[in-house]
Amino acid sequence: VLVVCGSPGNVRRIMLAAAGLNMVATGEYAFFNIEIFTGTSANYKPWHNASDSDERNEIAKKAYEAVLTVTARAPSSDQYKNFSSHVKKIAQEEFGYKYEEESVNPYVAGFFEGVLVYAAALNSTLREGGAITDGHHIVANMWNRTFDSNVVPPWFTGNISIDARGDRKADYSLLDMNPVTGIFESVATYYGESESLEFMGNITWPGGRPPRDQPECGFDNSRCSEAQGPWSIVAGMLALLVVAMAVGSVFIYRHYKLEADLASMTWRVSWEDVEVVEKTKHGKCGSKISIGKISVNTCGSVDSLVDSRQVFIRTGRYKIKGLYQEGVTVAIKKIHKDRVDLARPMLIQLKRMKDLQYEHLVRFIGV
């Protein structure tokens, strides 16, 4: 529901823009226009502009089907029509102003009624011993008071009531456009004194029904689940496909990396890179192996000193390319086999042994 306050020309431009945005034909929106001065004309057609084209006037007329106009209620009695005739005559003769409407705007009558209310309050002040110059006393006799038939004009069907804040409890009319004639007609009246609303016609709503209090899905879409349209399904499938491709790529990469590591045989050691001291002619006992700068006699399993530590294993020097020109001391174990089948399970075990490193384990160099 949109409340529009503006001149008739600006309101018409707003409604043409609303029609261009498809806010009228759907019936999802209603526009309330507050019109003070021209809404009481018997041939009130705010959508029509004589200087505009017929096509745009028709579009504006269609757009105004969604407009309800709130204006001051104009009395329709014969007494009020007689009052209007006197006002028009005085305006023409004394001020050179000619009315175009059939009746005088009710705000003009409101000024006349204000004079009567002031006179009644002044009389009450004088009866209470007040002075004509005592504005506070006069206003106090206006506020929070209802003026009956002794004060109200003869065209009035009710009383004039003013609340404790000095505001008049006014009557208002609700106008809706007749879709056939295009004229805005009164369909409801609000009576300020009784605070009641009386309908005397039916409102023609675009789409055949009043707009909802709130959108079907709420103002923040909280009342509707996410729409499962074709695009959302496609987006979901694409997301799953991307995830599957990413997971598959990781597994494929790891598989090919493993195969490359197995094929590279990083654990393979060439004999040319290992310096092994053979046993002497003394046989198993009395052989001499040089380790570092220390020469010791060995017997049996070779009792050696490595970095001031005693070890009982055959050792040698492994020359790592690019590192340690003198080589590093390694333990050597001979496998008594003429042939070793390097099947895939064996290659995987060798790779795992090569990759395993821990401070309390002897590192496996290779074969």
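L305 fulfils the conditions (1) closer than 23 Å to G366 by Cα; (2) open to solvent by 60 Å² or more (accessible area, probe 1.4 Å); (3) aliphatic (A, V, I, L, M); (4) at pLDDT 65 or above except for a single criterion, (4). Screening the range 216-229 for residues that are at pLDDT below 75 and open to solvent by less than 100 Å² (accessible area, probe 1.4 Å) and picking the one that is nearest to the chain's Cα centre (by Cα) gives A227.
Here is a list: N43, N22. Which entry is open to solvent by 60 Å² or more (accessible area, probe 1.4 Å), closer than 19 Å to G207 by Cβ and not acidic (D, E)? Break it down into steps so the answer makes sense when it comes.
On the way: N43 fails: closer than 19 Å to G207 by Cβ.
Result of the check over N43, N22: N22.
Inside the range 64-82, residues that are touching a Pro at 6+ places or on another chain (Cβ under 9 Å), open to solvent by less than 30 Å² (accessible area, probe 1.4 Å) and modelled with pLDDT of 85 or more make up a count of 6.
Any residue at all in the range 158-165 that is open to solvent by 40 Å² or more (accessible area, probe 1.4 Å), part of a loop (DSSP other than H, G, I, E, B), in contact (Cβ under 8 Å) with a residue 24 or more places away in the chain and closer than 24 Å to T71 by Cα?
Going residue by residue through the range 158-165, those that are open to solvent by 40 Å² or more (accessible area, probe 1.4 Å) are 159, 164-165.
Imposing the further condition that a residue be part of a loop (DSSP other than H, G, I, E, B) reduces the set to 159, 164-165.
With the extra rule that they be in contact (Cβ under 8 Å) with a residue 24 or more places away in the chain, the set shrinks to 159.
Filter once more, keeping what is closer than 24 Å to T71 by Cα: 159.
Yes, there is a match, as at least one residue in the range 158-165 is open to solvent by 40 Å² or more (accessible area, probe 1.4 Å), part of a loop (DSSP other than H, G, I, E, B), in contact (Cβ under 8 Å) with a residue 24 or more places away in the chain and closer than 24 Å to T71 by Cα.
Restricting the first member to the range 59-85 and to residues that are under 11 Å from P106 (Cα atoms), and the second to residues that are charged (D, E, K, R) and crowded, with 18+ Cβ neighbours inside 10 Å, the beta-carbon pairs closer than 7 Å and six or more apart or on different chains are T71/E35; R73/D171.
Would the range 178-187 turn up any residue that is assigned to a strand (DSSP E or B), within 30 Å of A119 (Cβ to Cβ) and open to solvent by 60 Å² or more (accessible area, probe 1.4 Å)? Steps first, please.
In the first step, residues of the range 178-187 are kept if they are assigned to a strand (DSSP E or B); the result is 184-187.
Imposing the further condition that a residue be within 30 Å of A119 (Cβ to Cβ) reduces the set to none.
Looking for residues that are assigned to a strand (DSSP E or B), within 30 Å of A119 (Cβ to Cβ) and open to solvent by 60 Å² or more (accessible area, probe 1.4 Å), one finds none in the range 178-187, hence no.
Has the range 142-154 got any residue that is surrounded by 14 or more Cβ atoms within 10 Å (Cβ to Cβ), in contact (Cβ under 8 Å) with a residue 40 or more places away in the chain, in contact with a strand residue (DSSP E or B) (Cβ under 6 Å, 6 or more places away or on another chain) and part of a loop (DSSP other than H, G, I, E, B)? There is no residue in the range 142-154 that is surrounded by 14 or more Cβ atoms within 10 Å (Cβ to Cβ), in contact (Cβ under 8 Å) with a residue 40 or more places away in the chain, in contact with a strand residue (DSSP E or B) (Cβ under 6 Å, 6 or more places away or on another chain) and part of a loop (DSSP other than H, G, I, E, B).
I'd like the residue in the range 345-363 that is outside any helix (DSSP H, G or I) and not basic (K, R) and, out of all such residues, is farthest from A260 (Cα to Cα). Only one residue tops the list, namely H360.
Among the residues of the range 246-253, are any among the aromatic types (F, W, Y), closer than 24 Å to I365 by Cα and open to solvent by 80 Å² or more (accessible area, probe 1.4 Å)? Reasoning before the result, please.
As a first pass, look at the range 246-253 and keep what is among the aromatic types (F, W, Y): 251, 253.
So of that shortlist, the ones also closer than 24 Å to I365 by Cα come out as none.
There is no residue in the range 246-253 that is among the aromatic types (F, W, Y), closer than 24 Å to I365 by Cα and open to solvent by 80 Å² or more (accessible area, probe 1.4 Å).
Of all residues in the range 323-344, at least one satisfies being open to solvent by 100 Å² or more (accessible area, probe 1.4 Å), under 60 Å from the mean Cα position of the chain (by Cα) and either over 24 Å from A260 (Cα atoms) or at pLDDT 65 or above (or both).
Looking across the range 126-138 at every residue that is over 16 Å from G166 (Cβ atoms) and part of a helix (DSSP H, G or I), the one that is most open to solvent (accessible area, probe 1.4 Å) is identified as R127.
The values are calculated or read from the model by the stated rules, or taken from the named source; none is laboratory data. Predicted model only: the values in this text are computed from it and were never measured. Here Cβ is always computed from backbone atoms with ideal geometry, including for glycine, and neighbour counts include all displayed protein chains. For accessibility, only protein heavy atoms count, side chains too; no ligands or nucleic acids. Shrake-Rupley method; radii C 1.70, N 1.55, O 1.52, S 1.80 Å.
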